[in-house]
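Encoded as structure tokens, the structure appears first; notes follow it.
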Ligand SMILES: [Zn+2]
């Protein structure tokens, strides 16, 4: 049987804290604390623009990949000139979203204005503000120029919970998530082992019957 620790090894490979100690002079002097995590982009899903159009707003799951938050509403206006002559151009770049119990990724559609020719993404806050309130409320995370954050984490911090308390909660949730996956893995592997044993027994029985 494979060791359960290998499950954790696969899971934690998705997001590794940066260990860079670069002291380049062009880095912002205001940066404090640990550097943001680097994410192996092979863990991101690669949807087509047709898939994003079909989903609109929702969550796309794919085995072995980070869950993908799709936020591609097309009913807004150009955030630059307020024109309604907008069209989908391409699949936007994906972002890492900090979430409980495991990070997700976010994707939007790169939109183009037929009037002023400018581009933006469907999860750009300026574009989102042009959408109906009911559509705005379907956003589950806040994206920035870098990574984004799930709204559940932001709400916790806004409610007065300290950063240290949120950190402990996240650690507990990650541990529970790991134990759940480990349990599922062991159960499935036991079933596979049983199937292999039964196939071997059947083959041996058939072979003996042929010999008789
Ligand atoms: Zn425009």
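Normalised by 2.2 N^0.38 Å, where N is the number of residues, the C-alpha radius of gyration of segment 170-212 stands at 2.05. With q set to 0.16, 0.18, 0.22, 0.29 Å⁻¹, the log10 of I(q)/I(0) for segment 142-193, from the Debye formula over equal scatterers at the Cα positions, is -0.65, -0.72, -0.85, -1.05.
Over the C-alpha atoms of segment 30-137, the Rg to Rh ratio, Rh being the Kirkwood estimate, stands at 1.01. Every Cα-Cα pair in segment 103-212 was counted, and those over 18 Å apart are 72% of them. Here the calculated FRET efficiency for residue 57 and residue 161, from their Cβ-Cβ distance with R0 = 25 Å, stands at 0.35, rounded to the nearest 0.05.
No value in this document is a laboratory result; all are computed from the given coordinates. Keep in mind that this is a model prediction, so the values were computed, not measured. Heads up, the Cβs are rebuilt from the backbone with ideal geometry, glycines too, and the neighbour counts pull from every protein chain shown.
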